[in-house]
Each structure stands twice: as structure tokens, then as C-alpha cells.
Amino acid sequence: MTVRVRFAPSPTGYLHVGGARTALFNWLFARHNGGTFILRIEDTDRERSTEESVQAILDGLTWLGLDWDEGPGVGGPYGPYFQTQRLESYHAYANRLLAAGRAYKCYCIPEELEERRKQALAEGRAPKYDRTCLGLSGEERQRREAEGRRPVIRFRTLDEGETVLDDLIRGRITFDNSTLDDFVLLKSDGMPTYNFAAVIDDAAMEITHIIRGDDHISNTPRQIQVYQALGLPLPQFAHVPMILGSDKTRLSKRHGATAIGQYREAGYLPETMVNYLALLGWSLNATETVFSREELIKHFTLERCSKNPAVFDPKKLEWLNGVYLRKATPERLEKLLKPELVAEGLLSEEEAADPVRREYLRKVIELQKTRLRTLAEFIPTSAYFFRDPGTYEEAAEEYLKKPYAAAALRRLADRLEKLEAFAQPHLEEVFTGLMTELGLSAGELIHPARTALTGRKVSPGIYDVVELLGREAVVRRLRAGAERAEALGE
């Protein structure tokens, strides 16, 4: 058997973390088993589905590197891959169910259904549809249609017995058929409902395994009954655990970013997101957390998926992104950062194309990347490499208030200006010599110098900063810092 799995999002919003995790698990399962990964767009919610959402989903999956073998933009033998282009198929199968007595037309209007629901709840009964329209005669149906009522088509669920789900992650789950409702297959406007369209499409596309979130478990007995009523082969089901926020409630916007696109904009790398999403409900062992894409494909199995909810930890995600940033080459990070530097005015278009300036940028990246958790931190923490600090952090400026700061900075500028070899260890010799001469500790000289050069209290090693900035910028900034120190002392 060739494994065929699908990711079938509804284009009513962005690609969120939970959806991306579901897509990833399907993609990994397909790649691990040499199977096929299909992307299907379930766009039957005509009021909320948008082209922008479709594009956001495609962009998100592409950024994560989850390439699909069949679907939009790729095609395939089981298309079309948009549900709104498959409506004839749903109507044909609904007619089969009507003919077999496993479906019927229902003319009840929403107000009537709501009234009966309230009555059932008041009487302590489950608010199931009461099958008012199940036994309607032809004349009664005609009368309702003459009133302008447009029917839905309901599936007639089994009254007795049990529906059994042998879940590949959760094991056997048994549902009492008497608790199931006669749910709608086709709405009054002819559009299919999720539980119906998903079954027809999965059967038509020969899906072998349905891997999805455990919020769909309650849908599964209804879908199984539709498969059985139509005589369609039943796929295997695997329901992965839900994702929780730090407060152990279902992950939502109140916990922070939930859209994959937001993490891209915040400076996370796609390999970070793939690695971290894989850990939300799957593990290889208790100690390993960093996995390459190839390692995930090699080791991913449903047997290693957990039944328990996964907790989304932003701090762990940041830490993992730092790991991947340190692994990334300066050349790659340059391509990612350059547009932002141009947008912020730290690089001109000409500088961005200049080989010398690009090499300088790579050196800055190499120096800074070990200190970053996200790429979004680069500009705020590195702007001084591209322009003189116009202001100083309040905490850093305290160092300029020292009584010796102005004179020390001027003398340091004078000596560095005359230094023949502007490189380590010669820079260090200048600093240490001046410390001895002025009777200052290392911190008493380095802290004011760092403030003058970067405007910040924290930076990479002072000698690395001085060497990278170069003689002209260093001398200019030290003298500007001396002037500020004098002004503060007045």
C-alpha cells in the first residue's frame, strides 16, 4: 500500500500553529513512508473563505518547506483540489444516500430547530434533531417547498449499536450510536458540510491515513458511518493531541502569536519552526530536542506521538532559534537581514550591492549571531555598526559621568588615531597601557569606551567592536563621547 495523506485547511484566516503542526505530521509521515502528501483547500465556507487566506496558507507551507506532491499549483490525478470545484461529486453521493434511505430532506427552519433545542435542554435531553422530516410524505414535502422552504439533506445515523474507531495514536474508542445526531450533509444552498465533503474527497483521493487534531475525534463516528453507508474503503485515523498555552488552556491569540507568518516576521528561521512543531506531540527520546529535517523524516512514526496535550513554550522556541541562528552561515543571514537594514536606512541600496560593504555586514553578523535569539533582535542590537549612536542608553550613560571619563576617552582616541596596525592584539596593548598610565581598572576604561562607541551598556567584546568599526569611526565616536562626558559633568 502506498501511503497517501492530506492536509486540508479551510482558507478563512492565516495558517496557525496547530494547522502547521498537522501539516508537518502528515508531511513527515508521507516522507518517512515514501508516500504522497496532498494539499486540499476546503473552501466551502463561501462567506469567510478568501483568496488572501489561500495565499497565506500556501506561503506558510512553502516557507516551512512542506512541499506538496498534489494540490494547488501542482495538480495531480485526483483533482481538482478546491472543494468548491467538486460540488457535483457531493450531490451525486448525497443522491445515492437518499436513494438508499440513509439520507432525507429536512425542511425545518433555524428558528424551529432552536426552539426544539431549548426544549430538549429544559427537559434534560440531548439536543439532537428529532427527525421531524424523516417520514414526510411527498405531499408534505411539496407543501413545505411551496412555503419557500429550501431543504437541507440530513444523514440518517444508525439508531442502535456502536461505531468503533481504532485510532493509531489513542487506541480503540467506542461511540454509542444512540448519541449521534442526524447531521446535515448538504446545506440549503447546496454546499456540503465538513463531515460529508471530507469523506467524499478523502475516498476519491484514495487517502490511506487521516492525521489530524484530536478536536476532530467527535466527527469521526459520523464520518465512519458515511464511509460504511456508501461502501467506501475506510482509511486509518490518527488524532494528535491539542496544543496548549503556558496556562494549560487551548493555544489562542491571548498567548501571543499563533500565525506562522508572525513568527517569520519576528525573525524565526523555518528550520526552527519545523523542529519545534515536531516536538509538539512527538518525541524520539527524553533528551534530544534538536533535529534536522532529514532526522525528523528518518525517525517520525505515529507510534512516537503522544496522547497528551503539548504545551507551546515561547522561551524554548527562542532558545531553539538561537541554536539554528548560530548554525546559519553569515551569507544566508545576510540575505535575510539586508532588506530590513535597507528599510531601516542603515544600508543604502548601493551599499547593499557593494561587495566591500556586504563583507562588512557578514562580519557584523558573525560577531552578533551568537547573541541573538531572533533575527528581529539584530537591528536594535547592531545599529551602531552602521551609524553613530545619536543617543546613549541611560544605564550606559552613567559611565560617562565618571570624573575621569572625558579625559580618558580623548587620550584613547588620540592613541588609536596614531596606531599603525589597527588590529588585535595592538588594540589591546593601547587599552592596557592607558589603564596603567591612568590608574584605571579594565572596566573603568572599557565601560565609557563602549558607551561612546555603541551607545549601549552591553555589546560584543570591546576589541572586536573597535576593530570592526575601524579607526575613523572609533576616533570620531570616542571624541563625541568625551564631549558628552564633559557636558554631563558641568
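The values are calculated or read from the model by the stated rules, or taken from the named source; none is laboratory data. Computed from a prediction, not measured in an experiment: that's the story for all the values here. Quick reminder, even Gly has a Cβ in these numbers, built from the backbone with ideal geometry, and neighbours come from all protein chains shown. Areas reflect the complete protein model, heavy atoms only, side chains present, ligands, DNA and RNA absent. Shrake-Rupley method; radii C 1.70, N 1.55, O 1.52, S 1.80 Å.
Taken along the Cα-to-beta-carbon direction at a fixed 7 Å, the label points for residue 99 and residue 340 span 6.0 nm. Between the helical axis of 17-32 and the longest alpha-carbon principal axis of the chain there is an angle of about 80 degrees.
Compared with the dominant Cα axis of the chain, that is its longest principal axis, helix 442-454 is turned about 60°.
Stretching residue 429 away from residue 297 to a fully extended chain increases their span by 42.3 nm, per 0.36 nm per residue minus the current alpha-carbon distance. The calculated FRET efficiency for residue 130 paired with residue 172, based on their beta-carbon distance and R0 = 30 Å, is about 0.45. For the chain, DSSP calls about 55 percent of its internal beta bridges antiparallel. Stokes-Einstein diffusion for the chain, with the hydrodynamic radius set to the Kirkwood value over Cα pairs and evaluated at 20 °C in a medium of 1.002 mPa s, equals 78 µm²/s.
So if each residue of separation counts as 0.36 nm, and I subtract the Cα-Cα distance between residue 139 and residue 486, what length gain in nm does that give? Between residue 139 and residue 486, full extension yields an extra 115.0 nm. In summary, the convex hull built on the alpha carbon positions of segment 1-52 has an orientation-averaged projected area of 3.9 nm².
Residues within the reach of a label modelled at residue 436 (point 7 angstrom out along Cα to beta-carbon, backbone nitrogen below 20 Å), restricted to segment 391-409, are 408-409. Our compactness index for segment 55-129, the C-alpha radius of gyration over the empirical 2.2 N^0.38 Å, is 1.82.
Dividing the summed -39500 (n - 2.57) terms of all DSSP H runs of n ≥ 4 by the residue count of the chain sets its mean residue ellipticity at 222 nm at -14500 deg cm²/dmol.
The angle between the Cα long axis of helix 314-327 and the main principal axis of the chain comes to about 60°, on a 0 to 90 degree scale.
Rounded to the nearest 20, the Cβ-based charge dipole of segment 125-180 about its Cα centre (Lys and Arg +1, Asp and Glu -1) stands at 300 debye. Once both labels are positioned 7 Å from their Cα atoms along Cα-to-Cβ, the gap between residue 236 and residue 419 label points is 6.6 nm. Of the residues 23, 459, 234, the one whose Cα sits farthest toward the positive end of the charge dipole of the chain, with +1 on the Cβ of Lys and Arg and -1 on the Cβ of Asp and Glu, is 234. Within the accessible area of the chain, the carbon and sulfur atoms contribute 49%, probe 1.4 Å, all protein chains present. Seen from a random direction on average, the alpha-carbon convex hull of segment 1-132 projects onto 11.7 square nanometres. The slack in the chain from residue 48 to residue 363, taken as 0.36 nm per residue of separation less the alpha-carbon distance, amounts to 108.6 nm. Over segment 216-322, Cα pairs under 8 Å with separation of 6+ residues give a relative contact order of 34 percent. Highest mean packing first, where packing is the average number of other Cβ atoms within 10 Å per residue, the peptides 259-272, 52-65 line up as 259-272, 52-65. Compute log10 of I(q)/I(0) for segment 106-235 with the Debye formula, placing one identical point scatterer on every Cα and leaving out solvent, at q = 0.13, 0.14, 0.15, 0.19 Å⁻¹, to two decimals. Calculated log10 I(q)/I(0) at the listed q: -0.65, -0.74, -0.84, -1.20. If R0 is taken as 22 Å, the Cβ-Cβ distance between residue 350 and residue 471 corresponds to a FRET efficiency of 0.45.
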